[in-house]
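Right, one structure below, let's go through it.
The values are calculated or read from the model by the stated rules, or taken from the named source; none is laboratory data. Everything quoted here is computed from the prediction, not taken from an experiment. All Cβ positions, glycine included, derive from the backbone under ideal geometry; neighbour counts span all protein chains shown. We work out accessible area using only protein heavy atoms, side chains counted, and drop any ligands, DNA or RNA first. Shrake-Rupley method; radii C 1.70, N 1.55, O 1.52, S 1.80 Å.
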Amino acid sequence: MKRDLYDEDHEAFRASVKQWIDRSVLPDTDKHIADKALPREFWTEAGANGFLGLSIPEEYGGAGAEDFRFNAVINEELAKVGAAYPTCFGIHSDITVPYIVELGTEEQKQRWLPGAASGEILTAIGMTEPSGGSDLAALRTTAVRDGDEWVINGSKTFITNGYSCDLVITAVRTDPERGAKGITLFGIEATKEGFSRGRKLDKVGMEESDTAELFFENVRVSDAEIIGELNMGFIHMMQKLPQERIICSVANIAHAKQILVETLQYAKDRKAFGQSIGNFQHNKFLLAELFTQIEVAEAYIDKCVAAHAAGELTAVEAAKAKWWSSQVQSEVLDHCVQIHGGYGFMNEYRVARAWRDARVTKIWAGSNEIMKELIGRDLGL
Ligand SMILES: Cc1cc2nc3c(=O)[nH]c(=O)nc-3n(C[C@H](O)[C@H](O)[C@H](O)COP(=O)(O)OP(=O)(O)OC[C@H]3O[C@@H](n4cnc5c(N)ncnc54)[C@H](O)[C@@H]3O)c2cc1C
């Protein structure tokens, strides 16, 4: 079925994204895996091409693009390379930077947005703590008032881009008595005294993305570093999470679709019992089912992206997109591994890495159980 989400402008933009990927990303993917991180040149080249901070207004060095479909195009193309790429990219461009664009003061915008658009300031979002991620309202990192300043103590974990970021939008408890209404977001620069990071965490997949623990030991910040309003951090995060979930959903389906297309080719090329393995009725029907699953999921995600571009996507629709897309992604990739036989279990085959990479998408950005909790509540349960 022809997709109607994108027009000629989006496709022209897609062509330029692909050129950048072919030229600057694909030649280095093995190195990214070995380094367990993307190098700074990845970011500065993306910035030089105008791909970072699409939503950053032109006056702060961004593209000032209002149409979210362009963001979706970048994430789709990066997902075809590997699931970690849209993850790192999305955390910066589509998840963290919008907090500054939409909630930042003029001073914060001038200080951070030009660097975020050029790739010289890499951002991360610090919500999850060792004690828990699903129950955000229970976070324990504290900021205590001391004169004109706040003194922050605590830690965050599983932070994407955490090892290499320059700025972390960090959720911190500013009022111990008020639960969800006592959380504030601070923009904390990595050069701050008392800020440190652990090693790059050793993950089951997504090697190319750096993921780290962050530590805050008497880190002093002022009111000028508060993002949005004091004690409104939880509300701010709830307002921003639908965009995080929809951009993850876009990447989930694009990633699985690409590997499925490669698997179809493998099924045509690989012979057993004198014929292509794709011709065995089991595999033929299986591939028919998998393509149907992907296209049906893609149609829903496309509708969500269009709704989000129009400012109409609800949190519940985003939750449905997130859990469903990650479920479909996992199921499809598991079958793709099976179709590859033993080669499907070899790291040198993209399908093996893709299968490992995909496992986390049911856990992060709000676990699928939390997504179903949100949907269930909307059903009046
Ligand atoms: C590779 C990676 C990158 C990440 N990047 C970031 C990042 O950049 N920034 C960031 O802040 N976080 C990040 N996370 C954290 C991620 O968002 C959390 O792991 C996730 O929210 C779950 O939190 P948790 O791991 O503490 O699990 P827990 O909250 O301890 O949950 C454990 C299990 O219990 C289930 N559960 C919890 N509450 C309920 C409930 N009410 N009903 C039903 N089931 C429930 C969960 O679904 C899960 O299955 C990342 C995680 C990973 C693995």
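Extension gain, residue 59 to residue 40, is 4.5 nm, computed as 0.36 nm per intervening residue step minus the present C-alpha separation. Among the listed pairs 31/322; 80/156; 156/181; 203/240; 203/322; 80/240, those with a Cα-Cα distance over 28 Å are 31/322; 80/156. A straight Cα-to-Cα reach below 19 Å connects residue 268 with the lysines 257, 284, residues fewer than 8 places away in its own chain not being considered. Spin-label model, residue 271 to residue 26: label points 7 Å out along the Cα-to-beta-carbon direction sit 2.8 nm apart. Calculated mean residue ellipticity at 222 nm for the chain: -15500 deg cm²/dmol, from DSSP H runs with n ≥ 4 weighted as -39500 (n - 2.57), summed, divided by the residue count and rounded to 500.
At an R0 of 30 angstrom, the distance between the Cβ atoms of residue 149 and residue 199 translates into a FRET efficiency of 0.50. A crude spin-label estimate for the pair residue 3 and residue 19, with each label 7 Å from Cα along the Cβ direction, gives 2.1 nm.
A 1.4 Å probe run over the chain, with the rest of the protein chains in place, finds 45 Å² accessible per residue.
By a 1.4 Å probe calculation restricted to protein chains, residue 92 has an accessible surface near 0 Å², given to the nearest 10. Looking at segment 63-102, the GluC sites (Glu not before Pro) that sit in a DSSP loop and have at most 14 other Cβ atoms within 10 Å of their own Cβ are 66. Among residues other than residue 192 with Cβ under 13 Å from its Cβ, the summed charge is -4 (Lys and Arg +1, Asp and Glu -1). For the pair residue 110 and residue 363, label points projected 7 Å from Cα toward Cβ lie 4.3 nm apart. Karplus-based coupling profile of segment 160-176, in residue order and whole Hz: 5, 6, x, 6, 10, 6, 9, 8, 10, 7, 10, 8, 9, 7, 9, 9, x, with θ = phi - 60° in 6.51 cos²θ - 1.76 cosθ + 1.60 and x standing for Gly or Pro. Taking a point 7 Å from the Cα of residue 312 along the Cα-to-Cβ direction, the residues of segment 1-27 with backbone N closer than 20 Å to it are 3-7.
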